[in-house]
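What follows is a short report on a single structure.
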Amino acid sequence: MIKHQLLDRGIKDKKVIAAMRKIPRHLFIEEDLTNMAYDDHPLPIGEGQTISQPYMVAAMTEELDLKKKDRALEIGTGSGYQTAILAEICKEVYTIERIKSLSHKAEETLKRLGYRNIYFKVDDGTVGWDKHSPFDKILVTAGAPNIPDTLFNQLREKGKMIIPIGDRFSQILTLIEKINNSLKKRALFECIFVPLIGERGWQDGA
């Protein structure tokens, strides 16, 4: 996985590579799918959600340019694998998941692995976690129709957010920077994520 899916595709951040080398991805996968845990594609984790392919996790994390002192907000805990990558690199991770069963399962897995710098919340991720803002970095693991102003407002000056923007079936992975309280946007590449459901995202069933 490290050589063929990350290094050969241009992932260079040593912190990201070290985190992905360390974390046992198979522990975040359903037992009957563990033989595919390190394959080059997303996998279902239940409740209509997925764990992203390893390259996507690495690319999104690398683009954020995480620092050891950073406080990160993750929207969409899912399996908790991306959460663990963030927690390996930065100071604190605040992660929100709207589906209670996924949040609780991820929390159990991550605590079993010894993480103590992760804070969990079951809620609508599109409204963020204002109580603990501003955040240095924000990572959104679901496709949004636009950039939620709630999340942008919770981003620290000179902070970065990565988010898939588009329709329900295809998006453009987009890097957002907050410069002088204004939004600077850079399109990265095409991607496909599950929809970001919530008040400032897609309406469930719409």
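The modelled label-to-label distance between K91 and I2, using points 7 Å beyond Cα along the C-beta direction, is 2.9 nm.
Set the Förster distance to 30 Å, then compute FRET efficiency between F169 and R116 from the Cβ-Cβ distance, nearest 0.05. Provide the component values of the computation, followed by the final result.
Numbers: r = 38 Å, r/R0 = 1.28.
Efficiency for this residue pair is about 0.20.
When only alpha carbons of the range 62-191 are considered, Rg and Dmax amount to 13.8, 41 Å. Since only S79, G166, P145 are under comparison, the one whose Cα sits farthest along the positive direction of the charge dipole of the range 62-191, derived from C-beta charges on Lys, Arg, Asp and Glu, is S79. Measuring between alpha carbons in the structure, the pairs from K137/K158; K68/K131; K15/K67; K14/K105 lying more than 18 angstrom apart are K68/K131; K14/K105. Of the residues E92, E74, the one with the fewest other Cβ atoms within 10 Å heads the list, and the complete ranking is E92, E74. Bridges between two residues of the range 36-175, per DSSP, are antiparallel at a rate of about 30%.
Expressed in nm to one decimal, what extension gain is obtained for the pair K158 and K185 from 0.36 nm per residue of sequence separation less their Cα-Cα distance?
Working: separation 27, 0.36 × 27 = 9.72 nm, distance 1.26 nm.
Using 0.36 nm per residue and subtracting the Cα-Cα distance, I get 8.5 nm.
Among residues other than L183 with Cβ under 13 Å from its Cβ, the summed charge is +3 (Lys and Arg +1, Asp and Glu -1).
Computed 3J(HN,Hα) for the range 125-142, one whole-Hz value per residue from the Karplus formula 6.51 cos²θ - 1.76 cosθ + 1.60 where θ = phi - 60°, is x, 5, 8, x, 9, 4, 3, 9, 7, x, 9, 6, 9, 10, 10, 10, 9, 8, glycine and proline marked x.
A protection proxy built from the mean count of other Cβ atoms within 10 Å ranks the segments 183-192, 169-178, 59-68, most packed first, as 59-68, 169-178, 183-192. Across the chain, C-alpha contacts under 8 Å between residues 6 or more apart give a mean separation that, scaled by the residue count, equals a relative contact order of 15 percent.
Since every read-out is calculated from the coordinates, none of them should be taken as a lab result. Everything quoted here is computed from the prediction, not taken from an experiment. For neighbour counting, all protein chains shown are included, and Cβ atoms are generated from backbone atoms with ideal geometry for every residue, glycine included.
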